[in-house]
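**Q** Next up is a structure, given as structure tokens.
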Amino acid sequence: MLRLLLLAALVYLAVQIFRFFNNIKRYSQPSSPPPRLKGLMVKDEICGLYLPLEEALHEKIDGQTYYFCSKECRRRFFEERKNRRFNHKST
């Protein structure tokens with residue numbers, strides 16, 4: 001009976017050691033790097049944030065393209081542009 005208990009304990013220990021080294025091998029391998037965005041970085045006209053061209057919102061006005069990081073920055077750009085035109089015409 002004692003031999004059976006010792007044998008069971010050794011088998012259990014061997015399985016645990018095998019699982020331990022198997023996990024070390026699995027988690028020690030370098031993971032693949034995150035995908036890199038291709039292309040240019042553009043600058044938001046309002047907040048100055050640089051972001052990938054693929055992710056930027058853009059507006060083309062009078063042949064010039066303006067880039068924005070969010071709808072809020074785009075909205076502020078048009079408000080400031082409208083205010084500059086209004087102030088410029090009134091003076």
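**Q** From the residues ALA9, GLY63, ILE24, which one has its Cα farthest along the dipole of the chain in the positive direction, the dipole being from +1 and -1 charges on Cβ of Lys/Arg and Asp/Glu about the Cα centre?
**A** ALA9
**Q** Which angle from 0 to 90°, rounded to the nearest 10, does the C-alpha axis of helix 2-28 make with the longest principal axis of the chain?
**A** With both axes taken from Cα atoms, the answer is about 20 degrees.
**Q** Sort the following peptides by mean Cβ neighbour count (other Cβ atoms within 10 Å, averaged over residues), highest first: 15-23, 77-85.
**A** With the highest mean Cβ count within 10 Å placed first, the list reads 77-85, 15-23.
**Q** Charges only on Cβ, +1 for Lys and Arg, -1 for Asp and Glu: so what's the dipole of the chain about the Cα centre, in debye to the nearest 20? Before the final figure, lay out each step's value.
**A** Details: 17 positive and 9 negative charges, 27 e Å.
In total the dipole reaches around 120 debye.
**Q** Report, to one decimal in Å, the Kirkwood hydrodynamic radius for the chain based on all distinct Cα pairs.
**A** 18.9 Å
**Q** Let me ask something additional. Helix 71-90 against the longest principal axis of the chain: what's the angle in degrees, Cα atoms only, rounded to the nearest 10?
**A** Computed tilt is about 10 degrees.
Read-outs: derived from the displayed coordinates by stated rules, not from any lab. Since we're looking at a predicted model, the values are computed, not measured. Backbone-built Cβ (ideal geometry, glycine too); neighbour counts: all protein chains shown.
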